[in-house]
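Working notes, structure below.
The values are calculated or read from the model by the stated rules, or taken from the named source; none is laboratory data. Worth saying up front: this structure is predicted, and the values here are computed from it rather than measured. Cβ placement follows ideal geometry from the backbone for every residue including glycine, while neighbour counts extend to all protein chains displayed.
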Amino acid sequence: MSHKNRSADDSLEGFHPAVVHWFQQHFDAPTAAQARAWPLIRARRSTLVAAPTGSGKTLTAFLVALDELFRDGIANGGALPDETRMVYISPLKTLSNDIRVNLDAPLAGIVSALRASGIDAPEIRAAVRTGDTTQQERNAVRKRPPHILVTTLESLYVLLSSDSGREMLSTARTVIVDEIHAVAGSKRGSHLSLSLERLDALCEARGEGRPVRIGLSATQKSIELVAKFLVGDNAPCEIVDVGHARARDFALEMPPMPLEAIMSNDMWERVYDRLVELCSMHRTTLVFVNTRRTASDRSSRQGCRRGTSWQPRTRASARCGTTAEAR
């Protein structure tokens, strides 16, 4: 079922006042994706969220689970049992580490709001489990499971293959699959589907019930097939599609003189000056050139003009060539 309309004001209803306070301190209002998805996730319906980059998809998935953790901890006198409630799955190890860092802000902000209200705030722990996790960190997770586990597809499979991993994952109530389009239709996606079904069976055997599944992506085609991939053929999945089209401003820039096979120094100087103007108008600029040498040379010249640091970066894709990035 696809959901198109939901009031942003209504979407914050049901959250703990401390969670609402933190959100309103940092954001003007919920995004369209958040307004439509939160009521569904709170009702424990598996949901696929298709929204553009920068629309708060990660917070869309996390906030309801965080609210449940804080509510359970408050009801238990400010303490939570040492058990994993939420599993975040990313196809990329680097993204997993970013998510772990991004969790710190809402956790700290909500704890601060609770303490300001005189409420004992529970300690909510998050941990990353990937192929790069040290043995010391793995032992710490094994001894004291985190409430939020951030992992990859492959590491989830490894955890499901060990006694301690299965014991930790058997209490999961929410599973978030980020960048789901990156694995749908691939062998890694088939591997993930198997792991999710094993996780469901594990939680049901413990009597916890199946975890709610949340899928996130900015690009999903066809969205109905991706929804089936997330939950399987026989399970219902809500779809929140706010579109991913953005307004684009295209322009063709030409030097104010005839182009020749070999550009003169004067023409390059004019190109550099125009690039400086465009860079000054934007926060981030990507300049595509043909070779690494050209990127290094042009970025050095641009940096001298702007008085800032340009960083050449080599792209793996031959289509993209080499880029010089300015921030």
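Out of Cys237, Cys279, report the one residue that is over 27 Å from the mean Cα position of the chain (by Cα) and either closer than 30 Å to Val177 by Cα or in contact (Cβ under 8 Å) with a residue 40 or more places away in the chain (or both).
The conditions single out Cys279.
When only residues in region 245-277 that are surrounded by 13 or more Cβ atoms within 10 Å (Cβ to Cβ) and aliphatic (A, V, I, L, M) count, which is nearest to Gln220 (Cα to Cα)?
Leu275
Which of the residues that make up region 20-59 are under 21 Å from Ala126 (Cβ atoms), modelled with pLDDT under 90 and of a type in the set (Val, Ile, Thr)?
Result: Thr58, single match.
Determine whether region 239-253 contains at least one residue that is assigned by TED's automatic domain parsing to the domain that holds Gly54, of a type in the set (A, V, I, L, M) and either over 25 Å from Ala33 (Cβ atoms) or in contact with a Cys (Cβ under 8 Å, 6 or more places away or on another chain) (or both).
No, region 239-253 contains no residue that is assigned by TED's automatic domain parsing to the domain that holds Gly54, of a type in the set (A, V, I, L, M) and either over 25 Å from Ala33 (Cβ atoms) or in contact with a Cys (Cβ under 8 Å, 6 or more places away or on another chain) (or both).
If Lys187 passes every condition in (1) surrounded by 15 or more Cβ atoms within 10 Å (Cβ to Cβ); (2) free of Cβ contacts under 8 Å to residues at least 60 places away in the same chain but one, which one does it miss?
Every listed condition holds for Lys187 apart from (1).
So for region 121-134 (the condition being in a helix (DSSP H, G or I) and out of contact with any Leu (no Cβ under 8 Å at 6 or more places or on another chain)), does at least one residue qualify?
no
A quick yes/no check of all residues on (1) part of a helix (DSSP H, G or I); (2) out of contact with any Leu (no Cβ under 7 Å at 6 or more places or on another chain); (3) of a type outside the set (A, V, I, L, M):
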| position | (1), (2), (3) |
| --- | --- |
| Ala35 | yes, yes, no |
| Ile41 | yes, yes, no |
| Leu48 | no, no, no |
| Ser55 | no, yes, yes |
| Leu59 | yes, yes, no |
| Glu68 | yes, yes, yes |
| Thr84 | no, no, yes |
| Ala105 | yes, yes, no |
| Leu114 | yes, yes, no |
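Which numbered condition trips up Asp241, out of (1) touching a strand residue (DSSP E or B) at 6+ places or on another chain (Cβ under 8 Å); (2) over 29 Å from Val49 (Cβ atoms); (3) of a type in the set (Asp, Glu)?
(2)
Which condition from (1) modelled with pLDDT under 80; (2) part of a helix (DSSP H, G or I) is the one that Leu275 breaks?
Leu275 satisfies every listed condition except (1).
Does Thr151 count as in contact with a His (Cβ under 9 Å, 6 or more places away or on another chain) and closer than 29 Å to Ala105 by Cα?
No: the conditions fail for Thr151.
Restricting the search to region 108-135, which residues are among the polar types (S, T, N, Q) and within 17 Å of Gly165 (Cβ to Cβ)?
Once the filter is applied, which keeps residues that are among the polar types (S, T, N, Q) and within 17 Å of Gly165 (Cβ to Cβ), region 108-135 yields Thr130, Thr133, Thr134, Gln135.
When the residues of region 40-64 are filtered to those that are more than 15 Å from the chain's Cα centre (by Cα) and surrounded by fewer than 21 Cβ atoms within 10 Å (Cβ to Cβ), which remaining residue is farthest from Leu114 (Cα to Cα)?
Arg45
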